[in-house]
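For reference, the structure discussed in these notes is given below.
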Amino acid sequence: MLSEAQRAVAPVDEARDDARFFALLRARELSRVDRARQTYLDWTGSALHPESLVRRHAQSLHDTVLGNPHSDSLASRASTSLIEAARAAVLRFLDASSDDYDVCFCANASGALRLVGEAYPFGRGSQLVLAADNHNSVNGIRTWARTAGATVRILPLDDELRLHGGITALGTERATEPSLVAFPAQSNFSGVRHPLELVHRAHELGFDVLVDAAAFLPTSPLSLREVRADFVALSLYKITGYPSGIGALVARRAALAKLRRPSFSGGTVEAVSAWDDVHVLKQDSEAFEDGTVNFLGLAAVPAALEFMTSVGMSRITRRVSALARDLTDRLASLHHRNGAPLVALYGANGSDHGATIAFNVLDAGGNVVPYWHVEERARESRVSVRGGCFCNPGAAERALGIDAGALADCLRVARERQHAFSHAWLAECLGTPVGALRISLGYGSDSTDISRGLGLLEHWRV
Ligand SMILES: Cc1ncc(COP(=O)(O)O)c(C=O)c1O
């Protein structure tokens, strides 16, 4: 047992150990960033790949004969067994049992979300409940729901960009027809982590649950033995940076069986009649994998996920949380000489928060500096940050105080007049700022990156 004094020292030692560990890791796996004299602060956009992973993959491709998995040749069977190994690796990473869950491979998280949206048995009396804080690839599911006659309900956000009412956000009304709740485990806009207890609550109310884990998984462990989501969407490149072009829908087998594929294609069927309207779909995940999956890329998936677990997901969480706290505190402490704050932070308060921070730069009069001016300066300084609304209009609207009705009017004008759309035009139409900046951290970030990111903002300090 640790004494009181030892306990106080432990986090300091832990932070020092982490700093040493990650410095070595960065030197070993990401030396190209410093060689290129770049600062990378867009880990929610994509992780950077560890160099050893690419070498390992190249070696395995060099040593193996892999063919199209739809044949029954030796080369084909070799690919099939690598694909099955990739499925098993994804389940291991998510602490999921293959008795309960299956993995459908596709191109990215958007592809995984689309698989659910287009096949969920929405009908009259169904509900689709969406957090206002959702990526557009989740928001798009509303088009299928509406077409099928379902009602769409949006869960609003509070001032801190958290779901209004937290765990009680869903209310008490039970679903009577097939109904779906969809929310991100972590916001790609603000980094806010939404309560995973919502999954259980939604089940109590009779809903199926789709968790968009794309922005959560790169820095946080998820156990599907504990969080029994029906559908989970992810992109591999966001987790390990490599391979790109591979996403996965991880689905409870019982939930997958409820989906109705709207069509069929090569790879998803056992047999098709060319003349009569009859086809026999494959079983389980293969019925959801259109065409030939990225079998060469999938060969890298077990090693990619092993890389993350060998670093340690809890260690990554601890490390990026400490860096993000430091970044947030330092951003909040920046002021102009007249005492006015240099940045406005969005949803950066509270403990349940990932290493993604959204903000805008303010001039000394409190006006927002258009984010594209900051982006331009960042490019000149070889710093990668993200600007815009990050495909998450709901969180952006709430953060920036954009009136939903006024926004809809401007978007209609743009659509009807086939306006050459730009964020500058939208800002003018609305009379308010329309985007923000995002700094996001990952397993390869360090305090020098943070200082360089903050250094960029000095340009606007007067
Ligand atoms: C939370 C979230 N969901 C979905 C996506 C879509 O991911 P992809 O572009 O890989 O399909 C992203 C990408 O930024 C994201 O952050």
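Miscellaneous remarks
- Neighbourhood charge, 15 Å Cβ-Cβ cut-off, centred on residue 432 and excluding it, Lys, Arg +1 and Asp, Glu -1: -3
- Unpaired Cys in the chain, meaning no second Cys C-beta under 4.7 Å: 104, 106, 389, 391.
- Counting only DSSP H runs of at least 4 residues, each contributing -39500 (n - 2.57), and dividing by the residue count of the chain, the helix-based mean residue ellipticity at 222 nm comes to -12000 deg cm²/dmol.
- When both bridge partners sit in the chain, DSSP labels roughly 60% of those beta bridges antiparallel.
- Region 46-82 versus region 180-201: alpha-carbon centroid distance in Å: 34 Å
- Which of 310, 300, 30, positive extreme of dipole for the chain (C-beta unit charges): 30
- When +1 charges are put on Lys and Arg Cβ atoms and -1 charges on Asp and Glu Cβ atoms, the dipole computed for the chain relative to its Cα centre reaches about 720 debye.
- Ranking of 263, 179 by neighbouring Cβ atoms within 10 Å, starting from the fewest: 263, 179.
- Around the amide H of residue 342, modelled in the peptide plane, lie the amide H atoms of 334, 335, 336, all under 5 Å away and 5 or more residues distant in sequence or on another chain.
- Relative contact order (%) - criterion: Cα under 8 Å, at least six apart; region: the chain: 20 percent
- Taking a span of 15 Å or more along the helix axis (Cα atoms) and a mean Kyte-Doolittle hydropathy of at least 0.5 as the rule, the DSSP H helices of the chain that qualify are 74-93, 109-119, 301-311.
- Sequence ranges 39-45, 155-161, ranked by mean other-Cβ count within 10 angstrom, highest first: 39-45, 155-161
- Cβ-based exposure ranking for 432, 356, in which fewest neighbours within 10 Å come first: 432, 356
- Taking amide H as placed 1.01 Å from N in the peptide plane, the amide H of residue 42 sits under 5 Å from that of 440, each at least 5 places away or on another chain.
- Residue-span extension gain [residue 95 to residue 424] - 0.36 nm each, minus C-alpha spacing: 114.0 nm
- Cβ-based net charge around residue 262, under 11 Å, with every Lys or Arg adding one and every Asp or Glu removing one: +2
Since every read-out is calculated from the coordinates, none of them should be taken as a lab result. Bear in mind the structure is a predicted one, so any value in this text is a computation, not a measurement. Glycine gets a Cβ as well: all are built from the backbone with ideal geometry, and neighbour counts include every protein chain shown.
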